[in-house]
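Please read the structure below before turning to the comments.
The values are calculated or read from the model by the stated rules, or taken from the named source; none is laboratory data. Remember, it's a predicted structure, so these values are computed and weren't measured experimentally. Cβ placement follows ideal geometry from the backbone for every residue including glycine, while neighbour counts extend to all protein chains displayed. Side chains included, ligands, DNA and RNA excluded: accessible areas come from the protein's heavy atoms. Shrake-Rupley method; radii C 1.70, N 1.55, O 1.52, S 1.80 Å.
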Amino acid sequence: MVITADDPATGVRNTADVEQASQPRYRVPADIAWVDGTEIGLGEELYLARLPSGSTVQLVGTARMIWHAAIGSDDPVEAVSALVGQPIGSVRAAVNGFLDELAQNR
């Protein structure tokens, strides 16, 4: 529903680094508004909505963590791995699957 994966082949990402080039870069599209509940006193939940008239989606727990990792780091899988203290290989499928679902439901 909410984030767009830029294909590394488009030049958005530095393709000189082969390892990084294999991971898509995520950005929030201009028609998506979002706010983290911690910023407005609502706790650890995140709200997303397509503007001007889309429905609101709430992300909590791991979904919220993955959202922040995707928009705040060059490698969301690595970021989530560090946050949860698990090897990259054990979180890669879950993180990429969630991000793919968000991008496809845009």
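Side notes on the structure shown:
- Between Ile88 and Ser55, the FRET efficiency estimated from the beta carbon spacing at R0 = 41 angstrom works out to 0.75.
- Neighbour net charge for Ala94 - beta-carbon separation under 12 angstrom, K R +1, D E -1: -1
- Inter-probe distance in nm under a simple model that places probes 7 Å from Cα toward Cβ, at Asn96 and Val35: 3.6 nm
- To the nearest 10, the accessible area of Tyr26 is 20 Å² with a 1.4 Å probe.
- Whether region 34-105 is rounded, prolate or oblate, judged on the alpha carbon gyration tensor where a/c under 1.5 counts as rounded: oblate
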